[in-house]
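Trainee: Sharing a structure with you now.
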C-alpha cells in the first residue's frame, strides 16, 4: 500500500526557503506569484493491513515536528 | 564530578565538549554511543554535542532524538541530572521534547560561522551562575538551523519564568526574541546554539567566555 505523507510548515511560521524561491521566481519574470511555501513528501510503502491510526502515529512521532509543521496523509 | 558526552553518527563537536568537560571537571567524560540504552552510574553532567547527527536527515536532530540513548538521557533529566545541549545538541533536545520550540533554517538561509555577542539574560540558572545579569559575552556560533521558533504563548512563558538563559546581542539567525539558549522548567536542561566549549582557553581561543558556563555548572552541582 503506497501512502504519501505531505509535510508543510504551519501558517505563520516563517519559511525562508520559500521566500528565497519566491524572490527567484519574481526575478525570472513570473508575475502574480503571491507566496511560496516549501514542504516535503514522504512516500511510504506499507503492509496492506496497516492501521490508519498507526500512520498517524508515525507522523506525530517522527515524520512531522508538530511544533512547526502540519501533515496530511494521502493513500495512493 | 562525573560527566558523559553522547556521540551520534555525525557528531563533530563531541571531542571539543569532552575536552571542555575534562579541563573544568578534572576528569575525562565517558563517551556514550547513541545505541546504548543505559548511561554509566553516577553521571552528574550529560553533554549533547554539536555536529550533524545522522546527517541532519528529515530535520536537524530528528533522528538522534529517537535513538535509544536519548531515552536514557530523558530519564536522567527527569531525575535532575544536568543536561547541556550545544548547537545540534540543542536541536536534539527540542526534538526529544526536553525543551520547547524548534530550531528552524536561519532566516538569511546562510550557514553562520563566527563569534557572536551574547547577553546573559538570566544569571540565576545553574548554567549561568558564574556570569552577571545582562553581562555581554562573546561565544562562537556555527549553524544553519539556529532560528528558534515557538508560539507566542510559549515565548511569553519562557520570558516570564526566566528560562531564556542567553540572547543574541544583534541579528544572527532570525531567532524569536533573539533567543540563543533556554532552560527547561526544572532548570537542569540547557540548550544553546553558541559553542561555549570552543571558548574555554584565552591562549588558544582568544577569550575564555565559555569556560564560566562549565565552572558555574560544576559549582552548582557540587
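Since every read-out is calculated from the coordinates, none of them should be taken as a lab result. Given the structure is predicted, the values throughout are model-derived calculations rather than measurements. FYI the Cβ positions are ideal-geometry reconstructions off the backbone, even for glycines, and counts take in every protein chain you see.
Trainee: How many partner chain Cβ atoms sit within 10 Å of a residue's Cβ in peptide B:52-63, on average, as a whole number?
Mentor: Average per residue, whole number: 2.
Trainee: Return the percentage of antiparallel bridges among DSSP beta bridges fully within chain B, rounded to the nearest 5 %.
Mentor: Antiparallel bridges: around 60 percent, rounded to the nearest 5.
Trainee: Taking the beta-carbon count within 10 Å as an exposure proxy, list A:43, A:69 from fewest neighbours to most.
Mentor: Least crowded to most crowded, the residues run A:43, A:69.
Trainee: Within 10 Å of each Cβ in peptide A:11-22, how many partner chain Cβ atoms are there on average? Round it to a whole number, please.
Mentor: 3
Trainee: OK, next. Would you work out the relative contact order for the range A:2-75, in percent, from Cα pairs under 8 angstrom that are 6 or more residues apart?
Mentor: Answer for the range A:2-75 is 55 percent.
Trainee: Using the number of other C-beta atoms within 10 angstrom as an exposure proxy, rank B:13, A:59, B:113, B:87 with the fewest first.
Mentor: Listed from fewest to most nearby Cβ atoms, that is B:113, A:59, B:13, B:87.
Trainee: Which of the three applies to chain B, rounded, prolate or oblate, going by the alpha-carbon gyration tensor with a ≥ b ≥ c and a/c under 1.5 meaning rounded?
Mentor: It is rounded, given that a/c, with a ≥ b ≥ c, falls under 1.5.
Trainee: Apply the a/c threshold of 1.5 to the C-alpha gyration tensor of the range B:48-152 and tell me whether it is rounded, prolate or oblate.
Mentor: Oblate is the answer for the range B:48-152, as a/c is 1.5 or above yet b/c matches or exceeds a/b.
Trainee: Any idea how far the Cα center of the range A:1-55 sits from the one of the range B:72-102, in Å?
Mentor: 28 Å
Trainee: Of B:57, B:148, B:131, how do they rank once you tally other Cβ atoms within 10 Å and put the fewest first?
Mentor: Lowest count first: B:57, B:131, B:148.
Trainee: Follow-up. With a ≥ b ≥ c taken as the square roots of the eigenvalues of the C-alpha gyration tensor of the range B:94-222, please select rounded if a/c is under 1.5 and otherwise prolate if a/b is larger than b/c or oblate if it is not?
Mentor: Judged from the Cα gyration tensor, the range B:94-222 comes out oblate (a/c at least 1.5, b/c at or above a/b).
Trainee: Roughly what % of DSSP beta bridges within the protein assembly as shown run antiparallel, to the nearest 5?
Mentor: Percent antiparallel among DSSP bridges in the protein assembly as shown is about 70.
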